[in-house]
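Structure record follows, encoded as structure tokens.
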Amino acid sequence: MAREIERKFLVDGDDWKDGAEKGVRLKQAYLLGAADRSARVRVFDDSRARITLKFGGSAMSRDEFEYDIPLEDALDMMTHALGSVIDKTRYRVPDGNFVWEVDVYHGDHAGLVVAEVELPNETATPRLPDWLGREVTGDRRYINQALAETGAIPEENG
């Protein structure tokens, strides 16, 4: 079991692109969901897939279990999605001892750009790049599960 500890921010501008690695196209579907747990399936660049289970309702950290699964199984599971299938490109942006992951959303969520940084513990303090906007850690509207359920960008961004 892994512990996912992360902070999440809206992105302001395109300056993050200067340090970004090649992006990976992700399609993800939520199969089960509640306030304190979720099950999702994710397809990477239409070539490989993983299933992820998350438990815990903390704004910053949750228990996370991830497993590779056959691509064909993932595609079948996506037909059972709760709400819409999330479509985004994820870019890794190394910054010192941390790596920011910038998600550029497509489809129903086009226009939304969010950055996350995974932390070794809840007291870690990564440098906050200038291209970060408002912090949305703990704001349920920006959790991918909520984006899939609503099928839309939160109003303040749309």
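Can you find even one residue in segment 83-92 that is more than 17 Å from LYS8 (Cβ to Cβ), of a type in the set (Asp, Glu) and assigned to a strand (DSSP E or B)? Yes: segment 83-92 contains one or more residues that are more than 17 Å from LYS8 (Cβ to Cβ), of a type in the set (Asp, Glu) and assigned to a strand (DSSP E or B). If you go through segment 116-157 and pick out every residue that is closer than 27 Å to LEU31 by Cα and touching a Leu at 6+ places or on another chain (Cβ under 7 Å), you end up with 5. Only residues that are touching an Asp or Glu at 6+ places or on another chain (Cβ under 9 Å), in a loop (DSSP other than H, G, I, E, B) and either of a type in the set (D, E, K, R) or under 19 Å from ALA2 (Cα atoms) (or both) were counted across segment 102-136, and they come to 3. Of all residues in segment 38-68, those satisfying the criterion of being in contact with a helix residue (DSSP H, G or I) (Cβ under 8 Å, 6 or more places away or on another chain), within 26 Å of LYS22 (Cβ to Cβ) and not charged (D, E, K, R) are VAL41, VAL43, SER47, ALA49, ILE51.
Under the condition of being in a loop (DSSP other than H, G, I, E, B), out of contact with any Lys or Arg (no Cβ under 6 Å at 6 or more places or on another chain) and not acidic (Asp, Glu), the residues counted in segment 137-158 number 7. Step by step: first the residues of segment 109-137, then only those that are touching a strand residue (DSSP E or B) at 6+ places or on another chain (Cβ under 8 Å) and charged (D, E, K, R), then the one that is modelled with the lowest pLDDT. Which residue is that? Here the residue is GLU122. Can you pull out the residues in segment 21-62 that are of a type outside the set (Ser, Thr, Tyr), part of a strand (DSSP E or B) and under 20 Å from ALA115 (Cα atoms)? Those that are of a type outside the set (Ser, Thr, Tyr), part of a strand (DSSP E or B) and under 20 Å from ALA115 (Cα atoms): VAL24, ARG25, LEU26, LYS27, GLN28, ALA29, ARG40, ARG42, VAL43, PHE44, LYS54, ARG62.
VAL99 - would you say it is touching a strand residue (DSSP E or B) at 6+ places or on another chain (Cβ under 7 Å), touching a residue at least 40 places away in the same chain (Cβ under 8 Å) and not in a loop (DSSP other than H, G, I, E, B)?
no
Only one of ALA39, ALA59, ALA29, ALA2 is modelled with pLDDT of 95 or more and over 20 Å from VAL104 (Cα atoms); which? Sole residue among the options that is modelled with pLDDT of 95 or more and over 20 Å from VAL104 (Cα atoms): ALA39. Within segment 138-147, can one find any residue that is of a type in the set (S, T, N, Q) and either modelled with pLDDT of 95 or more or farther than 20 Å from SER58 by Cβ (or both)? Taking every residue of segment 138-147 in turn, none turns out to be of a type in the set (S, T, N, Q) and either modelled with pLDDT of 95 or more or farther than 20 Å from SER58 by Cβ (or both). Look at segment 12-36: where a residue is on the phi > 0 side of the Ramachandran plot and a partner is at pLDDT 95 or above, sitting 6+ places away or on another chain with Cβ atoms under 6 Å, you get GLY13/TRP131. The residue list VAL114, VAL99 contains one member that is surrounded by 15 or more Cβ atoms within 10 Å (Cβ to Cβ), under 22 Å from GLY13 (Cα atoms) and not polar (S, T, N, Q), which is VAL114.
Taken over segment 102-111, residues that are among the aromatic types (Phe, Trp, Tyr) and surrounded by fewer than 17 Cβ atoms within 10 Å (Cβ to Cβ) amount to 0.
The values are calculated or read from the model by the stated rules, or taken from the named source; none is laboratory data. On a predicted model such as this, the values are computed, not experimentally measured, just so you know. With ideal geometry, Cβ positions are generated from the backbone for all residues, glycine too; neighbour counts draw on all protein chains shown.
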